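Following: one structure in structure tokens, then a few remarks.
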Amino acid sequence: MDAAVKLDRFLAGVERRAFRVAQLALRDRDDALDVVQGAMLRLARSYGGRSSEEWPALFFRILYNGIHDAQRRRAVRSRIFGLWPGGRTDGEDESDPLERIASRAPEPDRELMAAEAMRHLESALAELPARQRQAFVLRCLQGLDVAETAQAMECSEGSVKTHYFRALHALRGRLEEVW
């Protein structure tokens with residue numbers, strides 16, 4: 001199979017999950033879209049020639065770097081423009097476009113319960129320290145193994161295990177009444 005086709009398939013398969021990760025971290029739809037598109041473009045341009053087994057870790061490293069850059073830009077912007085009248089507030093349109101897609105599930109009550117549980121999970125994830133949240137998302141939600149997660153987070157496998165364990169412990173404590 002042609003490398004470009006493989007890369008297209010990889011990017012198509014990771015796009016929604018990457019958007020969800022970026023939106024969880026940034027809480028802004030437009031910023032999340034920009035970060036995901038930038039990560040996809042950078043992977044294609046800079047690392048498209050590498051082996052397809054390397055793409056998941058590389059992509060998520062690029063994605064998280066983009067998220068951190070966007071957060072830094074937002075912090076600087078808020079320091080500069082936050083005092084001006086009519087400045088942007090943090091509560092602007094945080095709705096998830098994926099939740100507005102019509103479901104084909106035959107049982108709406110189950111979907112409602114799942115959506116409520118996901119809201120609780122997203123809220124609990126937002127309260128975690130950044131490295132714990134990153135380890136949890138990459139390991140649990142993205143399905144990367146410890147070595148790939150360590151490569152994506154640019155840390156040791158032991159650090160990944162520690163961050164992931166602490167995230168699980170904190171999430172269990174916060175979500176025990178929901179799950």
Requested in this report: Kindly indicate whether ARG50 is without any contact (Cβ under 8 Å) to a residue 12 or more places away in the chain and part of a helix (DSSP H, G or I).
Outcome: no
Requested in this report: Return yes or no: is ALA22 under 21 Å from PHE136 (Cβ atoms) and either within 19 Å of the chain's Cα centre (by Cα) or part of a helix (DSSP H, G or I) (or both)?
Outcome: yes
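Please count how many residues of region 1-12 are among the small types (Gly, Ala, Ser) and either loosely packed, with under 11 Cβ neighbours inside 10 Å or touching a Pro at 6+ places or on another chain (Cβ under 8 Å) (or both). Break it down into steps so the answer makes sense when it comes.
So the first thing to find is which residues in region 1-12 are among the small types (Gly, Ala, Ser), and the list is 3-4, 12.
Okay, now just the ones that are also either loosely packed, with under 11 Cβ neighbours inside 10 Å or touching a Pro at 6+ places or on another chain (Cβ under 8 Å) (or both), so 4, 12.
Residues in region 1-12 being among the small types (Gly, Ala, Ser) and either loosely packed, with under 11 Cβ neighbours inside 10 Å or touching a Pro at 6+ places or on another chain (Cβ under 8 Å) (or both): 2 in total.
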Report task. Look through ARG119, ARG133 and report the one residue that is of a type in the set (Lys, Arg) and either at pLDDT 95 or above or over 29 Å from GLU53 (Cα atoms) (or both). Result -> ARG119
Query - Residue in region 156-176 that is surrounded by the most Cβ atoms within 10 Å (Cβ to Cβ), counting only those that are more than 13 Å from PRO129 (Cβ to Cβ) and within 18 Å of the chain's Cα centre (by Cα) - result: VAL160
Report summary line: Of LEU33, LEU63, the only residue that is in contact (Cβ under 8 Å) with a residue 40 or more places away in the chain, part of a helix (DSSP H, G or I) and not polar (S, T, N, Q) is LEU63
Query raised in the report: So GLY143 fits all but one of (1) under 17 Å from the mean Cα position of the chain (by Cα); (2) modelled with pLDDT of 75 or more; (3) in a helix (DSSP H, G or I); what number is the exception?
Result: (3)
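The values are calculated or read from the model by the stated rules, or taken from the named source; none is laboratory data. Predicted model, so just to flag it, every value in this text is computed and none were measured. We place every Cβ from the backbone using ideal geometry, glycine too, and count neighbours over all the protein chains shown.
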